[in-house]
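**Q** Dropping a structure here in structure tokens format, bear with me for questions.
The values are calculated or read from the model by the stated rules, or taken from the named source; none is laboratory data. Just so you know, these numbers come straight off a predicted model, no measurement behind them. Here Cβ is always computed from backbone atoms with ideal geometry, including for glycine, and neighbour counts include all displayed protein chains.
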Number of protein chains: 2
Amino acid sequence: MINQEFKAMLSGKSVIRELSEYATARGKEIGYENVFDFSLGNPSVPAPQEFTDEMIHLLKDKDPMELHGYTPSLGNPDYKREIAKSLNERFGMNYVPEHIFPTTGAAGAIAHALRAVTKPGDEVMIFAPYFSEYIPYVKQTGVELVIVPADTESFQINFEAFESRITEKTAALLINTPNNPSGVAYSEDTLKKLSDILKAKSKEYGHNIFLISDEPYREIIFDNAKAPYASSFYPHSLSCYSFSKALSLPGERIGYVAVNPECEDAEFIVPMCGQISRGIGHNCPPSIIQQAVARVCNLTSDLSVYETNMNIIYDKLMELGFTCVRPGGTFYIFPKALEESSIEFCNKAKKYDLIFVPGDGFGAPGFFRMAYCIDTDKVKRAMERLEDFVKKEYR
Amino acid sequence: MINQEFKAMLSGKSVIRELSEYATARGKEIGYENVFDFSLGNPSVPAPQEFTDEMIHLLKDKDPMELHGYTPSLGNPDYKREIAKSLNERFGMNYVPEHIFPTTGAAGAIAHALRAVTKPGDEVMIFAPYFSEYIPYVKQTGVELVIVPADTESFQINFEAFESRITEKTAALLINTPNNPSGVAYSEDTLKKLSDILKAKSKEYGHNIFLISDEPYREIIFDNAKAPYASSFYPHSLSCYSFSKALSLPGERIGYVAVNPECEDAEFIVPMCGQISRGIGHNCPPSIIQQAVARVCNLTSDLSVYETNMNIIYDKLMELGFTCVRPGGTFYIFPKALEESSIEFCNKAKKYDLIFVPGDGFGAPGFFRMAYCIDTDKVKRAMERLEDFVKKEYR
């Protein structure tokens, strides 16, 4: 008999996918330029030319056996070395290549990190608003998921709720900064306070609580700021990264786990990830992609469009009287809906061909997410439509 | 606390890796041309030029957003269509693209297939001699592993042992044909008999037993033969494939699960694989590799060297009085050692710089594996060394 649990999951529909499919269908009807689709978090700028050049160079000049052969089971040495070097230079860390485990994107990174620092029956905490995929990521690891409700004033951490939910079964936290869907980056203060609580609770319970930091948006930061690097605040930390957003390579599945050198048993965790890979069917990300990204890991696509778009949207939202925390990065913004049910709000917006995602699936009902990884011209036109929508429906 | 189960796995050493590392170290000492390393199953011929050309074409001519963007969660439509078409033409099947789930190689394929058709507590059977990775593949799925001992006369299936071990808890069999390490392809008779037993037992126990067929060596077949396609013999079958061997792309992690259209609940299995991916951190194989392989999936590298090598080795083994089943494909051969302990035999061979792998790790002690994916010249020189070794140690 096929697995009934996975079969049952098929009836759960993905709200984001449904909205995106609706937008595509509607686009066919009235012209795609007339549908303002803010549903999907897909990069809207091309990969840097240097990546393409590096790929072509490898294909033309490198021995194909070496280029396409199995990488060592713990990853391509050049990739591991360049990642460690880059993180050390940028965040003052002390990684060596042995702390870096190459993965198929951040999803692969989180799958390995969760399994490395938990055992079945443990509890893993996530903080609303959260990336909705965290639910299957955590649950399918065989651990209990504990959700900490949002601090909806700031979208930093709701520490009161956090402290009340932490127990001796808490094995790890999974955080996401800069955050999808809120666009907010955790501040230094937040990360310091988080670290202090984790240290105290680790001591109280007699075991270290691990911090898994998912940070695919780390390079998309606004106002010339630098997002604090979560792992630099707490020793028992694993950074999960993907080049999907910064290099606009989401389909190529390239990322890593970086194990803090000061982490408990740091030297075992990457080799353990190699063992975990055997069971979940990963065998390192593609060889050619590891080799190409090793050469361009300090570059990014031209990410400036996201900040341009954010400012246009944020200003218009303010003008129209929305409540909204200004994003510090990413390509998301997460305003409060103009009525209690964000589902109703988004349904009404749909009638104006504005496609927004209700916050319910991100653990923050009453808010809605706009993914503004789209052309700036379209964003500007969408703002006219938004004004029209708000004035007609809510004035 | 880090996961103690995975940590404990670190002390289990990989015999193949140790031998391969020994060969490399020894090569540095006496020159790599003087070490006859038959330990690793890494393709020794380059990928077809058409694959390289296609990759360069995609990089130069395709919109990078489309090329590197997320593929649909159930895979690139061109890849799925071309795989279905190719399998239908070659094996008389009736796949549609919806039966094909792209995966990161065969390891990824098996990880999904196992989870789709079992639940924790079920039993999954494998047949000795088996690919040693099957043990972590199966165990980390959370099911019980049942090993059927080898038919050492033919390396077909030991049906008596099989029938005695099948129970109502048997959810699936995982077979590998053509086989690593034996090089033997299951015959039509074997697959028919297997199918008959599975049908009878499925009826007896009131649930279908699934057949997961791992076939990365399907295209490496000798004597102008065609290996019988396991899925064509039994409806409840999932074929797991990798292009690692046929296209010499092991590092690029590209393969698929093909669900037999006649399989129970066939229409659900690929979408379920999409759900399974969320939990184990896969999100389809790399986009560019799917697109390139879609265009070259009917080609292979020049695989003729493997047959040339096999004939040279097989003839010499016969001449020297070894007992050995002649391989029907792959790049492995699995002779009986000349003493009871194949570990001892391989240790003695090492003194002659002949690197063989004892059969113990493949579930067939007393035999040893030679992977002959190496230059034919070197194979010829190795045969002189083999003769020397056998005459000095066993005459």
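**Q** Just give me the residues in the stretch B:1-44 being crowded, with 17+ Cβ neighbours inside 10 Å and facing chain A (nearest Cβ under 9 Å), in sequence order.
**A** Correct list: B:Ile2, B:Asn3, B:Phe6, B:Lys7, B:Met9, B:Leu40, B:Asn42, B:Pro43, B:Ser44.
**Q** Can B:Pro181 be described as assigned to a loop (DSSP other than H, G, I, E, B) and either within 17 Å of the chain's Cα centre (by Cα) or modelled with pLDDT of 95 or more (or both)?
**A** Judged against the criteria, B:Pro181 is a match.
**Q** B:Asp151 fails exactly one of the following numbered conditions: (1) more than 15 Å from the chain's Cα centre (by Cα); (2) crowded, with 18+ Cβ neighbours inside 10 Å; (3) at the interface with another protein chain (Cβ under 9 Å from one of its Cβ atoms); (4) of a type outside the set (A, V, I, L, M). What is the number of that condition?
**A** Unmet for B:Asp151, out of (1) more than 15 Å from the chain's Cα centre (by Cα); (2) crowded, with 18+ Cβ neighbours inside 10 Å; (3) at the interface with another protein chain (Cβ under 9 Å from one of its Cβ atoms); (4) of a type outside the set (A, V, I, L, M): (3).
**Q** Let me ask something else. Which one of A:Leu174, A:Leu198 is more than 18 Å from the chain's Cα centre (by Cα) and touching a residue at least 12 places away in the same chain (Cβ under 8 Å)?
**A** The unique qualifying residue is A:Leu198.
**Q** Give the residue, chosen from B:Val379, B:Val325, that is over 30 Å from A:Gln275 (Cβ atoms), of a type in the set (A, V, I, L, M, F, W, C) and outside any helix (DSSP H, G or I).
**A** Being over 30 Å from A:Gln275 (Cβ atoms), of a type in the set (A, V, I, L, M, F, W, C) and outside any helix (DSSP H, G or I) holds for just one of B:Val379, B:Val325, which is B:Val325.
**Q** Related question: Among the numbered criteria (1) more than 9 Å from chain A (Cβ to nearest Cβ); (2) under 26 Å from A:Gln4 (Cα atoms); (3) in contact (Cβ under 8 Å) with a residue 40 or more places away in the chain, which single criterion is violated by B:Leu145?
**A** (3)
**Q** Any residue at all in the stretch B:311-320 that is over 14 Å from B:Glu393 (Cα atoms), surrounded by fewer than 18 Cβ atoms within 10 Å (Cβ to Cβ) and in contact with a helix residue (DSSP H, G or I) (Cβ under 6 Å, 6 or more places away or on another chain)?
**A** Yes: one or more hits.
**Q** Is one or more of the residues making up the stretch A:252-260 within 8 Å of another protein chain (Cβ to nearest Cβ) and assigned to a helix (DSSP H, G or I)?
**A** yes
**Q** Determine which member of the set B:Val379, B:Val357, B:Val390 is out of contact with any Asp or Glu (no Cβ under 6 Å at 6 or more places or on another chain) and within 20 Å of B:Glu18 (Cα to Cα).
**A** Answer to the check: B:Val357.
**Q** To continue, here is another question. Could you count how many residues in the stretch B:367-382 are surrounded by fewer than 18 Cβ atoms within 10 Å (Cβ to Cβ) and either on the phi > 0 side of the Ramachandran plot or of a type outside the set (Ser, Thr, Tyr) (or both)?
**A** Residues flagged as surrounded by fewer than 18 Cβ atoms within 10 Å (Cβ to Cβ) and either on the phi > 0 side of the Ramachandran plot or of a type outside the set (Ser, Thr, Tyr) (or both) within the stretch B:367-382 amount to 4.
**Q** Report yes if some residue within the stretch B:282-305 is touching a Ser or Thr at 6+ places or on another chain (Cβ under 9 Å), charged (D, E, K, R), outside any loop (DSSP other than H, G, I, E, B) and more than 20 Å from B:Asn179 (Cβ to Cβ); otherwise report no.
**A** no
**Q** Follow-up question, since we're still on this one. Evaluate the following for A:Phe233: is it among the aromatic types (Phe, Trp, Tyr), over 18 Å from A:Ile333 (Cα atoms) and surrounded by fewer than 24 Cβ atoms within 10 Å (Cβ to Cβ)?
**A** Considered against the rule, which asks whether it is among the aromatic types (Phe, Trp, Tyr), over 18 Å from A:Ile333 (Cα atoms) and surrounded by fewer than 24 Cβ atoms within 10 Å (Cβ to Cβ), A:Phe233 comes out as yes.
**Q** Any residue that is touching a Pro at 6+ places or on another chain (Cβ under 7 Å) and either without any contact (Cβ under 8 Å) to a residue 12 or more places away in the chain or away from chain B (no Cβ under 14 Å) (or both) - is there at least one of those in the stretch A:228-248?
**A** No, every residue in the stretch A:228-248 fails to be touching a Pro at 6+ places or on another chain (Cβ under 7 Å) and either without any contact (Cβ under 8 Å) to a residue 12 or more places away in the chain or away from chain B (no Cβ under 14 Å) (or both).
**Q** Looking at this structure, is B:Gly27 over 15 Å from B:Ala292 (Cβ atoms), assigned to a helix (DSSP H, G or I) and in the same structural domain as B:Phe334 (by TED's automatic domain parsing)?
**A** yes
**Q** Among B:Ala106, B:Ala84, which is the only one that is under 21 Å from B:Phe233 (Cβ atoms), surrounded by 21 or more Cβ atoms within 10 Å (Cβ to Cβ) and more than 11 Å from chain A (Cβ to nearest Cβ)?
**A** Exactly one of B:Ala106, B:Ala84 is under 21 Å from B:Phe233 (Cβ atoms), surrounded by 21 or more Cβ atoms within 10 Å (Cβ to Cβ) and more than 11 Å from chain A (Cβ to nearest Cβ), namely B:Ala84.
**Q** While we're on this one: Looking at (1) among the hydrophobic types (A, V, I, L, M, F, W, C); (2) surrounded by 16 or more Cβ atoms within 10 Å (Cβ to Cβ); (3) assigned to a helix (DSSP H, G or I), which is the one condition that is false for A:Ala200?
**A** (2)
**Q** Working carefully through the options B:Ala266, B:Ala258, B:Ala225, find the one that is within 16 Å of the chain's Cα centre (by Cα) and of a type in the set (A, V, I, L, M).
**A** B:Ala258
**Q** Would you please name the residue that is surrounded by the most Cβ atoms within 10 Å (Cβ to Cβ), looking only at residues in the stretch B:45-61 that are in contact (Cβ under 8 Å) with a residue 12 or more places away in the chain and of a type in the set (D, E, K, R)?
**A** B:Glu54
**Q** To continue, here is another question. How many residues, within the stretch A:216-230, are crowded, with 24+ Cβ neighbours inside 10 Å and touching a Phe, Trp or Tyr at 6+ places or on another chain (Cβ under 6 Å)?
**A** Of the residues in that region, 1 qualify.
**Q** Another question, if that's okay. If B:Glu33 satisfies all but one of (1) free of Cβ contacts under 8 Å to residues at least 60 places away in the same chain; (2) out of contact with any Leu (no Cβ under 7 Å at 6 or more places or on another chain), what's the number of the condition it fails?
**A** Every listed condition holds for B:Glu33 apart from (1).
**Q** Of the residues A:Asn76, A:Asn42, only one is in contact with a helix residue (DSSP H, G or I) (Cβ under 8 Å, 6 or more places away or on another chain) and in the same structural domain as A:Leu354 (by TED's automatic domain parsing); which?
**A** A:Asn42
**Q** Now for a separate question. I'd like the full set of residues that are surrounded by fewer than 23 Cβ atoms within 10 Å (Cβ to Cβ), more than 7 Å from chain A (Cβ to nearest Cβ) and closer than 28 Å to A:Ser248 by Cα, limited to the stretch B:261-289.
**A** B:Gly274
**Q** Being more than 23 Å from A:Gly366 (Cβ to Cβ) and assigned by TED's automatic domain parsing to the domain that holds A:Phe91 narrows it down to one residue among A:Val184, A:Val124; which is it?
**A** A:Val124
**Q** From the list A:Phe362, A:Phe334, which one is surrounded by 21 or more Cβ atoms within 10 Å (Cβ to Cβ) and either closer than 27 Å to A:Asp302 by Cα or assigned by TED's automatic domain parsing to the domain that holds A:Val148 (or both)?
**A** A:Phe334
**Q** When you go through (1) within 14 Å of another protein chain (Cβ to nearest Cβ); (2) farther than 22 Å from A:Asn298 by Cβ; (3) at pLDDT 95 or above; (4) surrounded by fewer than 19 Cβ atoms within 10 Å (Cβ to Cβ) one by one for A:Met65, which number turns out not to apply?
**A** Unmet for A:Met65, out of (1) within 14 Å of another protein chain (Cβ to nearest Cβ); (2) farther than 22 Å from A:Asn298 by Cβ; (3) at pLDDT 95 or above; (4) surrounded by fewer than 19 Cβ atoms within 10 Å (Cβ to Cβ): (3).
**Q** B:Gly75 passes all but one of (1) on the phi < 0 side of the Ramachandran plot; (2) more than 9 Å from chain A (Cβ to nearest Cβ); which number fails?
**A** It is condition (1) that B:Gly75 fails.
**Q** Let me ask another. Quick one: which residue in A:Ile197, A:Ile166 is touching a helix residue (DSSP H, G or I) at 6+ places or on another chain (Cβ under 7 Å) and under 15 Å from A:Leu145 (Cβ atoms)?
**A** Just one listed residue meets the conditions, A:Ile166.
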